[in-house]
C-alpha cells in the first residue's frame, strides 16, 4: 500500500480519536483504515497506537511519528500547491464556524473583501455558540473568543478582547451607581457562564486584585443574551468589548470601572495541523489577521463611574 496514504490514515485516526470517526470523515471503510494502520506499523516494526475497547492513544514513538507525518504531508501539500499555482488563487469549500456575534462584527469584511478577493472559495459558515469539534465535524477554521484548550489545534491569536462592566442608564437610575467593585454585592448582576468562576468577578483596585462574589437574576452561556438583558435594565454585566461597543457609543449602555476589570479574552483562529499548508485556510487566517489588526477590539472609555 502507498506509504503516504498510510500516513494520512494514521493522521486522520489520531485527529479523529477513533478508527470509526476517521473512516467516516475520510469516506472510507473502517476495515480499510485499520488495514492502512496495520500495514504502517508492520513496515515500521513499532506500535504507533495503544488500543483498548474504550480508548485510543499514541505511544511515545507514535507521538513523534505523528508530528513528523503532519510536517511532511504539509510540506508535500505546499509543494503541490506551489506547482499548481493555487497559492495565488485559493479555491474550494471552506467550512468555518463562529458565534453569531463574531459574524456580525466580521460580516461586512467577509462579503465585501474576502469574497471579492477569493471568488473561487465557497464559504460555508456555521454560526453557533456551541463548542464545535473541528476535526470530528469536518470544519477547516473556527473563530473563537476564548482561551484555547485543545493542544491538537493550531491557534493563531488575532487580537486581545477586553471585558467591560456595563449597565443601562435605566438600571443605574433605579439602583444607583456602584462606586467601587465591592458595591456589586448589593446589585443585580447578569452572569455569563462562559467565564471561568462566573460568579466571581475579578478587578484591579490600586494595583491589587480584588475578587467580588456576585449574584443576580440570570445566568446564561451567551454574551449576546447577557447584553440583551443588560439593555433591558435587568442588571450589571461583564461583556466582551465587541458585543457592546455600539451600545456604548449610542449611550444605550454605560461602562463602569474603566480599566479595573481584570479579565481579558482574545480572539483566535483555530485549525487542525493537517490544514496548516492549505491555501484556502492560509488565505482565510491571513485575512482575519489583517481585519483584526485594522479594527482591534479595544477598551472603550465612553463613560466611567464619575458620571451620574
From 235, 207, 216, 176, residue being modelled with pLDDT of 90 or more, out of contact with any strand residue (DSSP E or B) (no Cβ under 7 Å at 6 or more places or on another chain) and not assigned by TED's automatic domain parsing to the domain that holds residue 152: 176
Tell me, yes or no, whether the stretch 27-41 has at least one residue that is outside the structural domain of residue 133 (by TED's automatic domain parsing), within 26 Å of the chain's Cα centre (by Cα) and at negative phi. no
Checking residue 225 against (1) at pLDDT 90 or above; (2) crowded, with 18+ Cβ neighbours inside 10 Å; (3) under 28 Å from the mean Cα position of the chain (by Cα); (4) part of a helix (DSSP H, G or I), which test does it fail? (2)
Going by what's in this entry, would residue 267 be described as in contact with a helix residue (DSSP H, G or I) (Cβ under 7 Å, 6 or more places away or on another chain) and touching a residue at least 40 places away in the same chain (Cβ under 8 Å)? yes
Could you please let me know if residue 192 is more than 16 Å from residue 97 (Cα to Cα), modelled with pLDDT of 90 or more and touching a helix residue (DSSP H, G or I) at 6+ places or on another chain (Cβ under 6 Å)? yes
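Identify, please: which residue in the stretch 1-26 is surrounded by 15 or more Cβ atoms within 10 Å (Cβ to Cβ) and more than 27 Å from the chain's Cα centre (by Cα) and is, among those, farthest from residue 75 (Cα to Cα)?
Taking the candidates together, the pick is 6.
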Are any residues in the stretch 246-262 in a helix (DSSP H, G or I) and out of contact with any strand residue (DSSP E or B) (no Cβ under 9 Å at 6 or more places or on another chain), and if so, which ones? 246, 249, 250
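The values are calculated or read from the model by the stated rules, or taken from the named source; none is laboratory data. What you see is a predicted model, and the numbers here were worked out from it, not measured in a lab. Here Cβ is always computed from backbone atoms with ideal geometry, including for glycine, and neighbour counts include all displayed protein chains.
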